[in-house]
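First up is the structure itself, then whatever we jot down about it.
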Amino acid sequence: MEPHVPHCKSEQIKALGLVFPALYNGPINYYARLVREKEILLEQYDSYSKQSYRNRCMIMGPNGVISLSIPVITWSGSKTLLKDVRIDHGSNWHRIHWKSLVASYASSPFFEYLSDELSPYYRIKFDFLIDLNQHLLEFTLRQFELEIPVKRSEEFTRIATVQDPRHFLHPKIDQAVADPGFKPVAYHQVFSDRLGFRSNLSILDLMFNVGPGALAYLRNSLKT
């Protein structure tokens, strides 16, 4: 199952706006920006970095926040471009991730509604990480009934400002400091009665808990 992958030349980038990292079920402040775009341009020529949202997402489990990480294969001794990063299918990560999602969200209001369409992505063995991430992004846009075309860069576009989402969207960076334009508002989460509210988790957390209201939430999540 391979996505149709149109590319975008550098002279088109200015017209398209921001260049976005290709994230695995990215956080809410990522999608708050994506849903505002007329076209989404994914950077595929950046150097892959470990412990980023490119191969991991954060969900709320029964005992707290869980980091779901996809094992990948990169070139030893040299930097690997994201477009060349392969998924390591030597482990049973598909089953682990899906079981974690079920354990965390089966009792959420909208899990049953979304699970039939989401679960196939945890059975298909994509060769490349960016293909999986793009498919999941397009799945999410469909749930929001948004017809926003998704393209990939044709060359690397340098990060010029701290407002570039490729700069601040990282699990190791304090988003309250790095992304002051994001204003998370509490919504009901499955375990919030015991664990309290945790902001800016994976988009899946918002979709499972808020359902059709997720798009309006995203559109109201940025100060400007």
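Counting heavy atoms of the protein chains alone, Tyr45 has an accessible area of about 70 Å² for a 1.4 Å probe.
Taking a label point 7 Å from the Cα of Thr80 along the Cα→Cβ vector, which residues of the stretch 111-148 have an amide N closer than 11 Å to it? Label zone hits: 128-130.
For Lys223, the solvent-accessible surface computed with a 1.4 Å probe is close to 130 Å², ligands and nucleic acids excluded. Is the shape of the stretch 19-65 best called rounded, prolate or oblate, per the rule: a/c under 1.5 gives rounded, else a/b larger than b/c gives prolate, else oblate, with a ≥ b ≥ c the square roots of the Cα gyration tensor eigenvalues? It is oblate, given that a/c is not under 1.5 and a/b is not larger than b/c.
Roughly what % of DSSP beta bridges within the chain run antiparallel, to the nearest 5?
Roughly 60 percent of the beta bridges in the chain run antiparallel, per DSSP.
Just to verify a number: FRET efficiency for Asp116 and Ser91, C-beta to C-beta distance, R0 = 22 Å, to 0.05?
E(calc), rounded to 0.05, equals 0.30.
What the Cα convex hull of the stretch 35-89 gives, in volume per residue, is 122 Å³. Label zone (Asp193, point 7 Å along Cα-to-C-beta; backbone nitrogen cut-off 17 Å) within the stretch 102-131: 104-110. When a 1.4 Å probe is rolled over the protein heavy atoms, the share of accessible surface on the stretch 90-224 that falls to carbon and sulfur comes to 53 percent. Entry note: the stretch 77-157 has Rg to Rh equal to 1.02, where both radii use alpha-carbon atoms and Rh is the Kirkwood radius.
A viscosity of 1.567 mPa s and a temperature of 4 °C, combined with the Kirkwood radius over Cα pairs in Stokes-Einstein, give a translational diffusion coefficient for the stretch 84-217 of 76 µm²/s. All distinct Cα pairs of the chain go into the 1/r average, and the inverse of that average, the Kirkwood radius, is 17.9 Å.
The values are calculated or read from the model by the stated rules, or taken from the named source; none is laboratory data. Note that the structure is predicted; figures quoted are calculated from it, not measured. Quick reminder, even Gly has a Cβ in these numbers, built from the backbone with ideal geometry, and neighbours come from all protein chains shown. Ligands, DNA and RNA are excluded from the accessible area calculation, which covers all protein heavy atoms including side chains. Shrake-Rupley method; radii C 1.70, N 1.55, O 1.52, S 1.80 Å.
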